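A.B. asks: Could you have a look at this structure, given as structure tokens, before my questions?
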Amino acid sequence: GGSTILGGGGGGSTFGGGGGGGSPLSNGGFEGGTLSWAQASNGGYPLINSLYPHTGSQSAFLCGYSSCIDTLYQTVTLPATFTKATLSYWTYIDTQDKAGTACTDILSASIRTTAGATITTVQSQCNTNTHGWTQYTFDVTTNLSSYAGQKVEITFKGTTQATTSSDFYLDDVAFTAA
């Protein structure tokens, strides 16, 4: 938790203009603040801020407080036909929990229908897997093939338990379907 500053960022990130090159997702580097992203935090915190970006001046910061449920998602429209769909992003995780303890806090990446039903959970990262900025890339073609031409939600969710907290930073999200 704590105070955060929202605002437009500097350069270094593209906004997906000019045709997009098969990318229906925009503002993946969060340089446009909340542009294109919906956010919900049961702690009432803004999730996009300048605390610890991977590139540029903005990133998403989920949790960092106890009993957290923070969700960030973007609705994208899949092309009517595509042969490959890929989701990639960078995360940074730190925690108050001691090494070797059970997994209690989770950052998950998923793709949902616009009704909120999970199509696929792409990845769940445990707070005990602390790491500096690391990129993850997933081929989600098979999961999304039956959703061609439809809207889906690229979703990131952080949860923590009541006793300690973990910090989940997210940046440079990219989704392509072509």
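The values are calculated or read from the model by the stated rules, or taken from the named source; none is laboratory data. Not measured: the values here are computed from a predicted model. All Cβ positions, even for glycine, are placed from backbone atoms using ideal geometry, and neighbour counts span all protein chains on display. Accessible surface areas use protein heavy atoms only, side chains included; no ligands, DNA or RNA. Shrake-Rupley method; radii C 1.70, N 1.55, O 1.52, S 1.80 Å.
A.B. asks: Taking the condition of being among the small types (Gly, Ala, Ser) and either open to solvent by 60 Å² or more (accessible area, probe 1.4 Å) or in contact with a helix residue (DSSP H, G or I) (Cβ under 8 Å, 6 or more places away or on another chain) (or both), how many residues in segment 169-178 meet it?
C.D. replies: Of the residues in segment 169-178, 2 are among the small types (Gly, Ala, Ser) and either open to solvent by 60 Å² or more (accessible area, probe 1.4 Å) or in contact with a helix residue (DSSP H, G or I) (Cβ under 8 Å, 6 or more places away or on another chain) (or both).
A.B. asks: Looking only at segment 121-130, decide whether some residue is touching a residue at least 24 places away in the same chain (Cβ under 8 Å), within 14 Å of Ala85 (Cβ to Cβ) and either open to solvent by 20 Å² or more (accessible area, probe 1.4 Å) or among the hydrophobic types (A, V, I, L, M, F, W, C) (or both).
C.D. replies: Yes, segment 121-130 contains a residue that is touching a residue at least 24 places away in the same chain (Cβ under 8 Å), within 14 Å of Ala85 (Cβ to Cβ) and either open to solvent by 20 Å² or more (accessible area, probe 1.4 Å) or among the hydrophobic types (A, V, I, L, M, F, W, C) (or both).
A.B. asks: Something else about it: Tell me which residues, restricted to segment 128-153, are touching a strand residue (DSSP E or B) at 6+ places or on another chain (Cβ under 7 Å), of a type in the set (A, V, I, L, M) and in a loop (DSSP other than H, G, I, E, B).
C.D. replies: Val140
A.B. asks: Shifting gears a bit: Considering only segment 143-168, state which residues are among the polar types (S, T, N, Q), in contact with a Ser or Thr (Cβ under 9 Å, 6 or more places away or on another chain), under 15 Å from Arg112 (Cα atoms) and open to solvent by 50 Å² or more (accessible area, probe 1.4 Å).
C.D. replies: Of everything in segment 143-168, those that are among the polar types (S, T, N, Q), in contact with a Ser or Thr (Cβ under 9 Å, 6 or more places away or on another chain), under 15 Å from Arg112 (Cα atoms) and open to solvent by 50 Å² or more (accessible area, probe 1.4 Å) turn out to be Asn143, Gln150.
Listed here are the residues, each with its yes/no results for (1) part of a loop (DSSP other than H, G, I, E, B); (2) surrounded by 22 or more Cβ atoms within 10 Å (Cβ to Cβ).
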{"site": "Thr34", "(1), (2)": "yes, no"}
{"site": "Gln39", "(1), (2)": "no, no"}
{"site": "Pro53", "(1), (2)": "yes, yes"}
{"site": "Leu72", "(1), (2)": "no, yes"}
{"site": "Val76", "(1), (2)": "no, no"}
{"site": "Thr104", "(1), (2)": "yes, no"}
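A.B. asks: Please identify the pairs in which a residue from segment 67-92 that is more than 11 Å from Leu144 (Cβ to Cβ) and without any contact (Cβ under 8 Å) to a residue 40 or more places away in the chain has its Cβ atom under 7 Å from the Cβ atom of a residue that is open to solvent by less than 10 Å² (accessible area, probe 1.4 Å) and of a type outside the set (A, V, I, L, M), counting only partners at least 6 apart or on another chain.
C.D. replies: none
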